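Handing you this structure, nothing more for now.
The values are calculated or read from the model by the stated rules, or taken from the named source; none is laboratory data. None of the values given here were measured: they were computed from a predicted structure. Cβ coordinates were reconstructed from backbone atoms using ideal geometry, including for glycine residues, and neighbour counts include every protein chain displayed. Ligands, DNA and RNA are excluded from the accessible area calculation, which covers all protein heavy atoms including side chains. Shrake-Rupley method; radii C 1.70, N 1.55, O 1.52, S 1.80 Å.
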Amino acid sequence: MPSRSSAPSSAPAAVEDTPIPLAQPSVTEHERDRVLEVLHSGRLSRGPHLDAFEAAMAERCGTEHAVAVSSGTGALHCIVSALDLNPGAEVLTTPFSFVASSNVLLYEDLRPRYVDIDPSTYNLDADRVADTITSETEAILAVDVFGVPADWPALTALADEHDLALIDDGCEAIGASVQEQAIGGWGDAASFGFYPNKQITTGEGGCITTDNETLARRCRSLRNQGRADDARMQHDRLGYNYRLDEMSAALGHAQLERLDTLLNRRASVAEMYREALAPLADDVARPAEPTDAERSWFVYVVRLHDHFADGARDQLMEHLQSEGIGCAPYFPPIHLQPYYRDRFGFAPGDFPVCEHVSARTLALPFYGSMTCAEVDRVAEAIAQTLPDLPRQTKA
Ligand SMILES: Cc1ncc(COP(=O)(O)O)c(C=O)c1O
């Protein structure tokens, strides 16, 4: 009788045993070849692939200029710095984002002034923004959270009316659009990020898009140590090394050529989730469909309904993780991060909508190559756990 150990070692692992990561990049053979060609060329920085990637980004976003840099944070930092806002000025922004969208303001001695979010889109609530503008406000920095565009028509009208700079943190939203205008083309400038969990990746990398020539020139200078122009050793301003290398630029350019395919694939996975989670709709809210905008699927974030008690989301995450299913609390409120609490004295209750949403949301595994079987396994694991989660006690 054959022993257990005689099972062929090449047998595929059962679907239920294989870990499902939170995110996974898609890199083709062709893209690997493009990177190898750069390595063979010997020109590894400040070469033709950077120019080609920037031209493709500008075309895709419908902007005059694109400036590629080494991260999404670097892109946002360059924009904030290039806008030349007054030190200490107030910038209205969202507490429901990745911490980088606020950190860049602190790098430039600006004051983040948080505005609570819309509970359905999770983006800045434009009506509240209007009510929060003061004589100290010099800019609005909005984020397209999870790839859903912020309310750009309303924010643009407010910025115009009050003469404010308008910054789009579009790091999660490449390929999204509002009123047929691509993300990247709204506001004074937009940032993109290409970390490996993003819709397209360069490993680490980012990009600024803008129609403003002065701003683009300053961003080019800031990414290259404040040089007056890239060729000379004259430094006009305090700059940084935010340059993007040629391997990353070549990869980014090839990924951008596939953006629509990559986005369609992610949209199909989102549709699989929508169907698989439909029977759980009384307990788990699926992502809302944006009205008047085209989203770009970045992450698949679900939310436990209000009848669950505090702590239920964390318990659900623990169970999923114990089953080998990647998940993450997206996003913890920025104002409650220890550094922000210590520095500014923020406390729970300051931005109640953000805090309520944040305590109940979680990102599920999401990437273009996810199979139906994997999506079903995630949905089953959630369904199994729901009956055990603590519920609010009736008053
Ligand atoms: C909304 C947002 N802003 C900024 C960033 C920063 O991008 P990077 O990690 O490339 O610096 C991210 C990255 O995840 C992000 O999601």
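Where both residues lie in region 41-154, what percent of DSSP beta bridges are antiparallel, nearest 5?
Details: 1 of 9 bridges.
So the antiparallel bridges in region 41-154 amount to around 10 percent.
For region 129-266, state the average projected area of the convex hull of the C-alpha atoms over all orientations, rounded to one decimal in nm². Numbers along the way, then the final one.
Working: hull surface 39.4 nm².
Mean shadow area of the hull around the Cα atoms is 9.8 nm².
For the full complex of protein chains and a 1.4 angstrom probe, list H235, H65, H335 by accessible area with the highest value first.
Numbers: H235 95, H65 40, H335 0 Å².
Solvent-accessible surface, decreasing: H235, H65, H335.
Here's a follow-up. What Cys residues in the chain are without a partner cysteine, judged by a Cβ distance under 4.7 Å?
If one checks each Cβ against the other cysteines of the chain, C61, C171, C207, C327, C354, C372 turn up with nothing under 4.7 Å.
With a 1.4 Å probe and all protein chains left in place, how much accessible area per residue does the chain have, in Å²? Please report the intermediate quantities before stating the final value.
On the way: 17950 Å² over 395 residues.
Heavy-atom accessible area per residue stands at 45 Å².
How much net charge surrounds E246 when only the other residues with a Cβ under 11 Å from the Cβ of E246 are counted, with Lys and Arg +1 and Asp and Glu -1? The partial results should precede the final answer.
Working: positive: R34, R43, R46, R243; negative: E37, D51, D245.
So the environment of E246 carries a net charge of +1.
How do Y300, Y240, Y122 stack up against each other in accessible area, from largest to smallest, with a 1.4 angstrom probe? Kindly include the intermediate steps, with their values, before the conclusion.
Numbers: Y300 5, Y240 60, Y122 30 Å².
Largest to smallest exposure gives the sequence Y240, Y122, Y300.
Run the simple label-point estimate for D33 and S268 please: 7 Å along Cα→C-beta, distance reported in nm.
Placing both labels 7 Å along Cα→Cβ, they lie 2.3 nm apart.
For a paramagnetic label modelled at 7 Å from the Cα of D236 toward its Cβ, which residues of region 179-222 fall within the zone defined by backbone nitrogen distances under 17 Å?
Only 212-222 fall inside the zone, counting backbone N under 17 Å.
Let me cross-check L256: its accessible surface, 1.4 Å probe, with only protein heavy atoms counted, in Å² to the nearest 10?
Per-residue accessible area (L256): approximately 10 Å².
Taking all protein chains in place and a 1.4 Å probe, what share, in percent, of the accessible surface of the chain do carbon and sulfur account for? Could the numbers behind the result be given before it?
Values: 8780 of 17950 Å².
Here carbon and sulfur together make up 49 percent of the probe-accessible area.
Please report, in cubic angstrom per residue, the volume enclosed by the convex hull of the alpha-carbon atoms of the chain. Please list the in-between numbers first.
Values: hull volume 68.1 nm³, N = 395.
Value for the chain: 172 Å³ per residue.
Sticking with this structure for a sec: Just Q225, Q384, Q199 to compare: in a GNM of the chain, with alpha carbon springs under 10 Å, which one fluctuates most?
Per the Cα network of the chain with a 10 Å cutoff, Q384 tops the list.
If you don't mind, there's one more thing I want to ask. Please give the direction-averaged projected area of the C-alpha convex hull for region 29-257, in square nanometres with one decimal.
Working: hull surface 48.4 nm².
For region 29-257, averaging the hull's shadow over all directions gives 12.1 nm².
Then there's this: Looking at the calculated P(r) for region 259-388, what percent of the C-alpha pair distances fall above 19 Å? Walk me through the numbers on the way to the answer.
Details: 4493 of 8385 pairs.
The answer is 54 percent, as a whole percent.
Still on this structure, I have one more. If you line up the Cα atoms of region 110-179 on their principal axes, what length do they span on each, largest first, in Å?
Rounded to whole Å, the extents work out to 34, 22, 22 Å.
For region 1-160, what class follows from the C-alpha gyration tensor (a ≥ b ≥ c being the square roots of its eigenvalues): rounded when a/c is under 1.5, otherwise prolate if a/b is larger than b/c, else oblate? Intermediate results must be reported in sequence, preceding the final value.
Details: a/c = 2.91, a/b = 1.61, b/c = 1.81.
Oblate shape, in that a/c is at least 1.5 and b/c is the bigger or equal ratio.
Nearest 5 percent is fine: what portion of the DSSP beta bridges confined to the chain is antiparallel? Provide the component values of the computation, followed by the final result.
Details: 25 of 42 bridges.
Percent antiparallel among DSSP bridges in the chain is about 60.
Follow-up. Over all distinct alpha-carbon pairs, what is the Kirkwood Rh of region 312-395 in angstrom?
Details: mean 1/r = 0.0675 Å⁻¹.
Result for region 312-395, one decimal place: 14.8 Å.
Taking all protein chains together and a probe of 1.4 Å, list T210, T261 from the most accessible to the least accessible. Before the final figure, lay out the partial values.
Values: T210 5, T261 90 Å².
The ranking, largest first, comes out as T261, T210.
Where both partners of a DSSP beta bridge lie in region 90-236, what percent of those bridges are antiparallel, to the nearest 5?
Working: 8 of 24 bridges.
For region 90-236, the DSSP antiparallel bridge percentage is about 35.
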